[in-house]
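Okay, structure first, notes after.
The values are calculated or read from the model by the stated rules, or taken from the named source; none is laboratory data. This is a predicted model, so every value here is computed, not measured. Every residue, glycine as well, gets a Cβ built from its backbone with ideal geometry; the counts of neighbours run over all protein chains shown.
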Amino acid sequence: MTIRNRPDYAPGGLVYSTDGGRMCPKCRLPLTQCRCTGVPAAPAGDGVVRVTREAKGRGGKIVTVIRGLGLDPAALSALGKSLKTACGTGGTVKDGTIELQGDHCERAIAALRDQGHAVKRAGG
């Protein structure tokens, strides 16, 4: 009996696609187009956006991390793109946070304040 003929066989789902990025495990659509409840909602937070500078677990590279936005995934990725262009750097949007490569705390804070967010510098 091959593995596909077993009654308990369930094929794995698509996790990542070069066309759409991360995929929802339930509806198999890109996360930006997902309409099911399989994707956890972004935490609402206290309404204050926190900007920190981190280097732990990144091979000594400094990363600016922005947390507490509480936006839907599409709006978060659009804000991440605008912050990357404002700071002139690369970065990513994942797990409800925006990560910018390098130390861009002051530029990110200024850009977020211009867009009307309540921003606080967290950490050292």
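Observations, loosely collected:
- Meets criteria (surrounded by 13 or more Cβ atoms within 10 Å (Cβ to Cβ), of a type in the set (A, V, I, L, M) and modelled with pLDDT under 85) for Val39: yes
For every residue, the table says whether it meets (1) in contact (Cβ under 8 Å) with a residue 12 or more places away in the chain; (2) touching a helix residue (DSSP H, G or I) at 6+ places or on another chain (Cβ under 7 Å); (3) among the basic types (Lys, Arg).
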{"residue": "Lys56", "(1), (2), (3)": "no, no, yes"}
{"residue": "Gly59", "(1), (2), (3)": "no, no, no"}
{"residue": "Gly70", "(1), (2), (3)": "yes, no, no"}
{"residue": "Ala86", "(1), (2), (3)": "yes, yes, no"}
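- Residues that are assigned to a helix (DSSP H, G or I), in contact with a Leu (Cβ under 8 Å, 6 or more places away or on another chain) and over 21 Å from Leu29 (Cα atoms), drawn from the range 70-101: Leu79, Leu83, Lys84, Cys87
- Unique residue being buried (at least 19 other Cβ atoms within 10 Å of the Cβ) and modelled with pLDDT of 90 or more when the list is Gly102, Gly91: Gly91
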